[in-house]
Structures are given as structure tokens and as C-alpha cells.
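Step one of this worksheet: look at the structure below.
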Amino acid sequence: MWVTGAYDPELDLIYWSTAQAKPFARAARGTDGDALYSNTTLALDPDDGRIVWYRQWLPGESHDMDEVFEHVLVDYDGRQSMFRLGKIGILWEVDRRTGEIINATDLGYQNLGNLDPTTGRGTYRPGMIPELGRELEHCPHISGLHSWRAMAYHPETRAIYVPLQLACNKLTYTDVPKEEGGGGVGIDATTWKIYLHPDSGGNLGEFVAIDLSGKILWRYRQRATFNSTTLTTAGGLAFIGDWNRYIHAYYA
């Protein structure tokens, strides 16, 4: 668990999310199945810790595509929803009472899998599950399209504002010795190459506004990546900071 969970006082549920199993590649860790409860959001009863529901976003994940980040709780149109966005760049909406998938939107920057937007179930594309010692090229890179830089919701525009990082990588996954004092993530650092996403237009940073339906409202790109949590205000602004040491204010 990398970041703090969220609490719904009306439903009296706490939500915590987990990262992927270790090592990253299933071939290195020796698991072929779903690897519960990795890359999973768990809705817990705060009184006794009981799992009320869980939703595993990427079963058996094998590329360091964490789904562990912030939980955005939004009430609209009679729904009690939770929005989540992980490294792979899929915006998920679930019923936060039951965990049922309401909508799933692929932002279009990943080449690892195919998404069924109705069920929210993903399947890996042929050749994209890592094999030890074989170079694999995938987007996004292992730092993710979206990572610790949290998104924010603006109730007046009914939109979510998200900082993204547009990059891919070539790398080779390796075995990891299962011994005391050993370990590692299972990546050959000498073969690891990171490059800008082919659709980035030469930019690493993107700040994007997404309607609750998953529709892109607007996006802003620049060479330097955005590197802070997003802040939205009642004055209709969205703030974000970047690697160029600037704080930007946008009309939401």
C-alpha cells in the first residue's frame, strides 16, 4: 500500500488499494493466477476489518502497473461512485457500495491489453506477458501514465483533472533469487530504455480534464512533466506544479 485510503461516512466503509505482487513479472515470482489481493481495492468494515467487497483491477499483473493510488468519491445522478486511475491509464468507475463496475475508459496510451468497457475485464495482448530474458517494449513505462501525482474532482464542471506522463520503455525482465538478503524487482537495468510516447508530440507532461463519463474535455501538454498533486478550487481553477518549477493555474 503506497498511499492513504479513503473513508465514506455514510456507508461506513474504508477503501484501501494495493500494488502488484513482487517481483513484477509473474514468471519471476512463479505465479500464473490472479495473485489476490494484488492491484486490488478493498472496501473494509472499519469496526472489524471484514472485507465487504473487493475489486481486482489487473489480475496477475506483470509489468509494475500499480492500481494503488487515490480514491475519488463522487455522488452524482443518484450514484455513489468511486473513480480510480492507475499506471496503465484506465479510468475506472465503480459503485462504492458494492464494487460493481459502472464504466471503464482506456485513455489510449497503453499497448499491454484490451479492455471490455462493460465488464471492466482486461485481457493481455499476444506477446505482452513478460518472459524472462526476452526484451519487451510496452507503454506506459513502469513509472506509469498516472502515478503518485494525484488527480482532483471539480463538482461544478463534473470533471476530473489528471496529471499524466507520456513515456514508454524497452526492458528485459529477469529472475530474482528467492533467498534471505536477496531480492530485487527483476529488471535488467543495462537494457532498460525509456523514451517519449509515440503520440506525445515530443512532450512528457500532460494535464487532462475528463468528464465523469470518460470523455476528454481538454488537455494541455508540455515538455516538462507535471509533478504535483492537482488542486481544484471553488473559484473555477485547477492548479498543478511541474519539473520546470512552475505552478500553473488553469480555468477548470
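The values are calculated or read from the model by the stated rules, or taken from the named source; none is laboratory data. The structure displayed is predicted, hence computed values, not measured ones. All Cβ positions, glycine included, derive from the backbone under ideal geometry; neighbour counts span all protein chains shown. Quick note on the areas: whole protein, heavy atoms, side chains included, nothing else; ligands and nucleic acids left out. Shrake-Rupley method; radii C 1.70, N 1.55, O 1.52, S 1.80 Å.
Would you kindly state how much longer the chain becomes between Lys22 and Tyr250 on full extension, computed as 0.36 nm times their sequence separation minus their alpha carbon distance, in nm to one decimal? Between Lys22 and Tyr250, full extension yields an extra 78.2 nm. Normalised by residue number, the volume inside the convex hull of the Cα atoms of the stretch 46-140 is 116 Å³ per residue. Ranked from largest to smallest solvent-accessible area, with a 1.4 Å probe on the protein heavy atoms, Tyr153, Tyr161, Tyr246, Tyr37 come out as Tyr246, Tyr37, Tyr153, Tyr161. Charge dipole (Cα centre; +1 on Lys/Arg Cβ, -1 on Asp/Glu Cβ; no other charges) of the stretch 1-118 amounts to roughly 440 debye.
When the chain is treated as a Gaussian network with alpha carbon springs shorter than 10 Å, the biggest mean-square fluctuation among Tyr76, Tyr124, Tyr54 belongs to Tyr76.
Contour minus end-to-end for Tyr37 and Ile102, with contour as 0.36 nm per residue of separation and end-to-end as the Cα-Cα distance?
Numbers: separation 65, 0.36 × 65 = 23.40 nm, distance 2.11 nm.
Result for the pair: 21.3 nm of gain on full extension.
Structural descriptor for the stretch 26-97: relative contact order 22 percent, calculated from alpha carbon pairs under 8 angstrom and at least 6 residues apart.
Accessible surface of Glu100, taken over heavy atoms with a 1.4 Å probe and every protein chain present, rounds to 110 Å². Among residues other than Arg97 with Cβ under 10 Å from its Cβ, the summed charge is -2 (Lys and Arg +1, Asp and Glu -1). Based on alpha carbons, the Rg and Dmax found for the stretch 1-111 are 14.1, 45 Å. Return the whole-Å distance between the Cα centroid of the stretch 75-115 and the Cα centroid of the stretch 160-202. Using only Cα atoms, the two centres lie 24 Å from each other. If only the Cβ of Lys and Arg carry +1 and only the Cβ of Asp and Glu carry -1, the dipole of the chain around its Cα centre is close to 800 debye.
Just to check, using Stokes-Einstein with a Kirkwood Rh over alpha carbon pairs, what's the diffusion coefficient of the chain at 25 °C and 0.890 mPa s in µm²/s?
Value of D from the Cα-based Kirkwood radius: 130 µm²/s.
When the Cα convex hull of the stretch 122-212 is projected onto planes of every orientation, the mean area is 8.6 nm². Per the Debye formula on identical point scatterers at the alpha carbon atoms of the stretch 194-252, with no solvent, log10 I(q)/I(0) at q = 0.14 Å⁻¹ is -0.43. With viscosity set to 1.306 mPa s and temperature to 10 °C, compute the Stokes-Einstein D of the stretch 2-44, Rh being the Kirkwood radius across alpha carbon pairs; µm²/s, no decimals. The calculation lands on 134 µm²/s. A dipole drawn for the chain from +1 and -1 charges on Cβ atoms has a positive end, and of Ile101, Gly205, Phe24 the residue lying farthest that way is Gly205.
Label zone of Asp12 (point 7 Å out along Cα→Cβ, amide N under 16 Å): in the stretch 65-97 this covers 97.
When only Cα pairs under 8 Å and 6 or more residues apart are kept, what is the percent relative contact order across the chain?
13
Applying the Karplus relation 6.51 cos²θ - 1.76 cosθ + 1.60 with θ = phi - 60° to the stretch 242-252 yields 3J(HN,Hα) values of 9, 5, 7, 6, 10, 9, 9, 10, 10, 5, 4 Hz, where x marks Gly and Pro.
Within the shell of other residues whose beta carbon sits under 12 angstrom from the beta carbon of Ile88, the net charge comes to -3, with Lys and Arg scored +1 and Asp and Glu -1. For Arg221, neighbours were defined as the other residues whose beta-carbon sits under 12 Å from its Cβ, and their charges (Lys and Arg +1, Asp and Glu -1) total -1. Counting only lysines at least 8 places from Lys22 when in the same chain, those with an alpha carbon closer than 20 Å to its own are Lys87, Lys170, Lys178.
Considering helices alone, the calculated mean residue ellipticity of the chain at 222 nm is 0 deg cm²/dmol, with DSSP H runs of length four and up weighted by -39500 (n - 2.57) and normalised per residue.
Amide H contacts under 5 Å for Leu237: Ala252, restricted to partners 5 or more places along the chain or on a different chain, H placed in the peptide plane at 1.01 Å from N.
Highest mobility in the GNM of the chain, judged by mean-square fluctuation with C-alpha springs under 10 Å and restricted to Gly201, Gly122, Gly182, is found for Gly182.
Quick one: with all protein chains in place, what share of the accessible area of the chain is carbon or sulfur, to the nearest percent (1.4 Å probe)?
C and S atoms contribute 52 percent here.
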